[in-house]
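Each remark here refers to the structure printed beneath this line.
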Amino acid sequence: MTTAERPVLQKKDYKSDQDVRWCPGCGDYAILNAVQGAFAKLQKQLHETVIISGIGCSSRFPYYMETFGFHTIHGRAPTIATGVKVANPALDVWVVTGDGDAMSIGGNHFIHLLRRNVGLKVLMFNNRIYGLTKGQFSPTSEQGKVTKSSPLGSVDYPFRPVALALGAGATFIARGIDVFLPPREEVICKAAAHQGTAYCEIYQNCNIFNDGAYKGITEKELREDRVLYLEHGKPLLFGKAKDKGIAFDKDFRPSIVSGADLARAFMWDETAETPAPAMALANMDESQFPVPVGVFRRRVLPTFESGIRAQIEAAKQKKPQTLRDLLYQGEIWEVT
Amino acid sequence: MLRWHSGQRCVSPGVFGWRIAVQRVQIVRSSPSPRLGVGHKGPLLSAVHRIRHAVMADGSSTAFVQKATQDLDQVVIRFAGDSGDGMQLTGDQFTRTTALMGNDIATFPDFPAEIRAPAGTLPGVSAFQLRFSSFDIHTPGDAPDVLVAMNPAALQVHLKELKKDGILILNSASFSALDIKKAKYEVDPRTDGTLSGWRVIEVDLEARTKEALASTALDARSKDRCKNMYALGILYWMFHRDMAPTERAIEEKFKKKPDVVAANLMAMKAGFDYAETTEVFQTAYRVPPAHLPKGTYRNIMGNQALTLGLVAGAQKAGLELFLGSYPITPASDILHQLSGYKHLGVVTFQAEDEIAAVGAAIGASYAGSLGVTTTSGPGVALKSEAIGLAVMAELPLVVVDVQRAGPSTGMPTKTQQADLLQAMYGRNGESPVAVLAASTPADAFMVGFEAVRIALQFMTPVIVLSDGYIANGSEPWMLPDVDKLPKIEVTFAPPQAPGTKFEPYKRNPKTLARQWAKPGTPGLMHRIGGLEKQDVTGNISYDAANHQHMVDTRAQKVANIADAVEPVATLGPDRGDVLVLGWGSTRGSITSAVLQLQKQGHSVSACFLRWLNPLPRNLCELMQRFKKVVLPELNKGQLCMMLRAKFLIDVESISKVDGQPFKTHEIVARLSQCLQSLKNQGVSR
């Protein structure tokens, strides 16, 4: 295509004419901004891009993007997006969802989407609370969370979304944090480049109902010690001076190493066949260990829609049939 | 071994003679058949003569050298046995053969949900009833003339329905003390007079089959499984059937197992020869071909016809069909069949659940395919929120509900029509959708096609109601001329230049359908969703006047469908004493009942509704032209309630919810009461 047909787009071109109606100070603004930035970087064409969401604060996202958008029903965005992608694999289809939408009411669709490896990009904004319904605990809220619906603290254990995605066989899993601009945009670009389902969990602060959920991680002065940047082909190091590392024992139990032991820090391979190191990182206790951000897993596997299309194309080649032949097949007889 | 039971050594004139007498009333009629469009033209009186003559000749002689042949104009046969006895296959083979021999035929498979219930028990009994004739028929018949009972349990369940003096073929091999006990008989029913009044023929099917297959290398179990084919062979001799179609079908079905093919065919031929040579089978019966309208025919089951209708609709619209489905009885066969149509560009997606199935179909429609989802009542319940989304987003969607007996899991293999109100109103908010129903297995083709046409033309979800009786029942289908099926016009919104704002809810002024904007089309970027939208622009709107306008517009759009569908016609005069309304699978029984009463001189007409939402424009006026309107339904009066509410007409419900279709005589009885009460009131003509 010529540039006349594919005009060069600026970040502002991805903004729709609708007023953004999230609460002032919501982490969603930063994510919206990052997605628009990433899309400009990738020169995504507006008419080839479809953003599909479920229900929740995050799911208002499509209205603010100047692409095709479908704001669907609670938890079901992966199903509708699957239909879109299979019907027209040429489209670039994104799902925007939240921890309630994807992990709770839509949990079933979430795991099945991942196991099928449909070529969708899934951005899950995890604020660990129900925001749109005004503050009940979510399936990612920590145990003991005191909310309107859990005045004595929630009894539920939370999901660890990355571990869940690994269990479901996801081929691409990443994590970002709303306020960390560069890694987040980079995560979005990497997800965009992945062929199958690309799942990104994005820690997002709800400043109304769960303010400060990630404060112990995101505060500028704590950040370098509390965040582990996953870099492909490099050891798992963190701290301002990169003087601490994560090592695993033979059972993939993590430990923090430093000094002379720093050389034992695990060499990160996001393309590893075994999910064991990624699972170990996904299950690390946030109170004891730094929070990993970046790509947990990236594996190349044929996509669902390509498999379906291949079967259809092969069948068409093998057995062309007219509508008449279809109807007039089997045992037929004439009455004269 | 084989013997006549309790001294009934000859064929009595009873059962078939009586049938003929009754049928003569039913079929010598002037009004055309609603389904096939012609009356019977056969030489009926002479047929009766021939039979009586044959019966007399036959009854006076026990000679077996020259076996007699009687001509009949119809026969009802029921095969009954264990779920694993192959009754459905046997019935299916008889049906295919009979259809190919030019008879009209209607079938009713009736089986349990258990794949293999414990052998020999009552819940494990599976049955297949078929009725074939030399005239146009509308139902698989009420009571059978012939019952084949493969074990005491099958006898226990089905004997009470066998016509008095009817033929009962028993597999004597399965009458051990344990079999008898499992069937809840205290003593052997063959010994205590239980079977008196029927013409009993006992055949040790196991011994006979084993004997016939002595030369084959199959193991004993595999040989035993051929006994249904031995029974089929006997029936083929009794009813002058050609074995060739079954030979072809068995060769095809087991083409990778030639030894199984050989054994099955040997068993069938042995059964045929046995019936021909032994003296117990005195008479064979011949049912001449029916006088069906000119054309090319194929025997078809309802699920098959519906599937083909959907495919034909998609092809005539030039769209790819996308099926999202989750397996459920009795709808799964549609998923199976469509999954074999990949060569026609059909995409099938077996989803993780009912909701994902409809969600994916909606997504496919959004992307420019024809989205279809198929299920039964429990599945519709799960899909209802998503169907509401398709209402709001104004996208085409075909939802097929093959109804079964509910509520909850209910009786999955039994039929009912109790999802009508769910289809009509089972969503939150004011959420109108188009609803139509198939009335016979063959009718399901045009119903599927119509559903596609309306969904696309009006950008709306359409719910197709079928049911278990239609889904698994079969009849000859006069194949349509493919070139004469209407083309379905689909216009996608064209690309727009940059800088112009696309208006997703701009409507066709006549239909009120909105434009279909395919993602991927330059310049058409827009956002839709479940939130209320401003008309034309599609922006989110909480404006009071706009919401009122949009609710009214969505309702009007569905109401406008009435302009695009045929008005209803009546079977019989369009005014009179009693109008019998019907929708869905009750059509056959209502037709038979109404034709019977018309022949008796009663002022009764029938009218069958394909469209339930919107209702045909001329329905109200038609109802007003009759003194009484009655409505048989396999539910507690759902359409009756709708019509009473809408038209303030005192429609009387004939309700039945036992999981079985209406028998013709049940409807005749209720209509007779109704006619009598009109007469008593002095209002009948």
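The values are calculated or read from the model by the stated rules, or taken from the named source; none is laboratory data. What you see is a predicted model, and the numbers here were worked out from it, not measured in a lab. Every residue, glycine as well, gets a Cβ built from its backbone with ideal geometry; the counts of neighbours run over all protein chains shown. Note: accessible area is taken over every heavy atom of the protein model, side chains too, but ligands, DNA and RNA are not part of it. Shrake-Rupley method; radii C 1.70, N 1.55, O 1.52, S 1.80 Å.
The calculated 222 nm mean residue ellipticity attributable to helices in the protein assembly as shown amounts to -10500 deg cm²/dmol, summing -39500 (n - 2.57) over DSSP H runs of n ≥ 4 and dividing by all residues.
Note on A:Ala193 and A:Glu313: with the Förster distance fixed at 35 Å, the Cβ-Cβ geometry gives a FRET efficiency of about 0.90. To the nearest 10 degrees, how steep is helix B:87-100 against the longest Cα principal axis of chain B, on a 0 to 90 scale? Roughly 80 degrees, rounded to the nearest 10.
Alpha-carbon geometry of the protein assembly as shown: the Rg and the Dmax are 33.9, 114 Å, given in that order. Ordering B:489-497, B:397-405, A:158-166, A:42-50 by mean Cβ neighbour count within 10 Å, with the highest value first, yields B:397-405, A:158-166, A:42-50, B:489-497.
Of the accessible area of the stretch B:298-484, with the probe set at 1.4 angstrom, what percent is carbon plus sulfur? Of all accessible area on the stretch B:298-484, carbon and sulfur atoms account for 51 percent. Test of understanding: in a Gaussian network model of chain A with alpha carbons linked when under 10 Å, which of A:Ala314, A:Ala265, A:Ala38 would top the mean-square fluctuation ranking? Among A:Ala314, A:Ala265, A:Ala38, the largest mean-square fluctuation in the Gaussian network model of chain A belongs to A:Ala314. In plain terms, the chain from B:Ala669 to B:Glu251 could stretch by 145.8 nm, reckoned as 0.36 nm per residue minus the Cα-Cα distance.
In peptide B:340-347, what is the residue-averaged number of other protein chain Cβ atoms found within 10 Å of each Cβ?
On the way: counts 1, 5, 10, 12, 9, 4, 2, 8.
Across B:340-347, the average partner-chain Cβ count within 10 Å equals 6.
With the simple spin-label model, which puts each label point 7 Å out from Cα in the Cβ direction, the A:Lys240 to A:Glu331 separation comes to 8.7 nm.
Here's the picture: a label point sits 7 Å out from the Cα of A:Cys23 along the beta-carbon direction, and within the stretch A:159-195 the residues with their amide nitrogen under 18 Å of it are A:178-179. All other residues whose Cβ lies under 14 angstrom from that of A:Thr218 are scored, Lys and Arg at +1 and Asp and Glu at -1, for a net of 0. Annotation: amide H of B:Glu652 within the under-5 Å range of B:Val629, B:Val630, B:Leu631, sequence separation 5 or more or interchain, hydrogens built in the peptide plane.
Springs between Cα atoms under 10 Å define the GNM used for chain A, and in it the highest mean-square fluctuation of A:Asp251, A:Asp178, A:Asp92 occurs at A:Asp251. The HN-Hα couplings worked out from phi for the stretch B:206-218 by the Karplus form 6.51 cos²θ - 1.76 cosθ + 1.60 (θ = phi - 60°) are 5, 5, 4, 5, 4, 4, 5, 9, 3, 7, 8, 8, 5 Hz, whole numbers, x standing for Gly and Pro.
Other residues within the sphere of radius under 13 Å centred on the Cβ of A:Gln288, judged by their own Cβ, net out at 0 (K and R +1, D and E -1).
Need the full-extension length gain, B:Asp219 to B:Val657, defined as separation in residues times 0.36 nm minus the C-alpha distance. One decimal, nm. Show your work: numbers first, answer last.
Numbers: separation 438, 0.36 × 438 = 157.68 nm, distance 4.51 nm.
Separation in residues times 0.36 nm, less the Cα-Cα distance, equals 153.2 nm.
Amide H to amide H distances under 5 Å link B:Gly529 with A:His71, where only residues 5 or more positions off or on other chains count and H is placed in the peptide plane.
Here the calculated FRET efficiency for A:Glu142 and A:Arg253, from their Cβ-Cβ distance with R0 = 25 Å, stands at 0.70, rounded to the nearest 0.05. Close amide H partners of B:Arg190, meaning residues 5 or more places away or on another chain with modelled amide H under 5 Å apart, do not exist here.
Taken residue by residue and averaged, Cβ atoms of other chains lying within 10 Å of the Cβ of B:433-442 number 0. Both radii are taken from the alpha-carbon atoms of chain B; with Rh as the Kirkwood radius, Rg/Rh is 1.01.
Bridges between two residues of chain B, per DSSP, are antiparallel at a rate of about 35%. Projecting label points 7 angstrom from Cα along Cα→Cβ for B:Glu566 and B:Gln681 puts them 3.2 nm apart. Across the cross-link table entries B:Lys227/B:Lys656; B:Lys160/B:Lys227; B:Lys557/B:Lys656, which are compared at the Cα atoms, the separations over 31 Å belong to B:Lys227/B:Lys656; B:Lys557/B:Lys656.
Relative contact order of chain A, please, whole-number percent, based on alpha carbon pairs below 8 angstrom and at least 6 residues apart. It would help to have the intermediate numbers written out before the result.
Numbers: 661 pairs, mean separation 48.7, N = 336.
It comes to 14 percent, rounded to a whole number.
Hey, with R₀ at 56 Å, roughly what FRET efficiency would B:Glu276 and B:Thr500 work out to, going by the Cβ-Cβ distance, to 0.05? Step by step, r from the Cβ atoms, then E = 0.10.
Across the cross-link table entries B:Lys163/B:Lys294; B:Lys294/B:Lys599; B:Lys256/B:Lys294, which are compared at the Cα atoms, the separations over 31 Å belong to B:Lys163/B:Lys294; B:Lys256/B:Lys294.
Mind grabbing the interface size between A and B? I mean buried accessible area, both sides, 1.4 Å probe, in Å² to the nearest hundred.
Details: alone 17080 and 27560 Å², together 39260 Å².
Counting protein atoms only, the buried area is about 5400 Å².
Dividing the mean sequence gap of close Cα pairs (under 8 Å, 6+ apart) by how many residues chain B holds gives a relative contact order of 11 percent.
Is there a simple number for the mean count of other chain Cβ atoms within 10 Å of the Cβ of residues in B:312-321, and what is it? Before the final figure, lay out each step's value.
On the way: counts 4, 0, 1, 3, 1, 0, 0, 1, 3, 0.
That average works out to 1.
Among A:Met267, A:Met103, A:Met65, the residue with the largest mean-square fluctuation in a Gaussian network model of chain A, with springs joining Cα atoms closer than 10 Å, is A:Met267. The residues of chain A have, on average, 43 Å² of accessible surface per residue, using a 1.4 Å probe with all protein chains present. Straight-line reach from A:Lys148: taking Cα to Cα under 29 Å and skipping same-chain neighbours fewer than 8 places apart, the lysines in range are A:Lys134, A:Lys215.
If you take the square roots of the eigenvalues of the alpha-carbon gyration tensor of the stretch B:430-514 and sort them as a ≥ b ≥ c, do you get rounded (a/c under 1.5), prolate (a/b over b/c) or oblate? Judged from the Cα gyration tensor, the stretch B:430-514 comes out prolate (a/c at least 1.5, a/b above b/c).
Taking a ≥ b ≥ c as the square roots of the eigenvalues of the alpha carbon gyration tensor, the stretch B:153-209 is oblate, as a/c is not under 1.5 and a/b does not beat b/c.
Between A:Arg115 and A:Lys12, what is the label-point separation in nm under the 7 Å Cα-to-beta-carbon projection? Between A:Lys12 and A:Arg115, the simple spin-label model gives 4.8 nm. For the stretch B:570-680, the fraction of 1.4 Å probe accessible surface lying on carbon and sulfur atoms is 48 percent.
Rolling a 1.4 Å probe over the protein heavy atoms gives chain B an accessible area of 36 Å² per residue.
Over chain A, what is the percentage of antiparallel beta bridges among all DSSP beta bridges, to the nearest 5?
Values: 15 of 45 bridges.
So the antiparallel bridges in chain A amount to around 35 percent.
Between the helical axis of A:107-116 and the longest alpha-carbon principal axis of chain A there is an angle of about 70 degrees.
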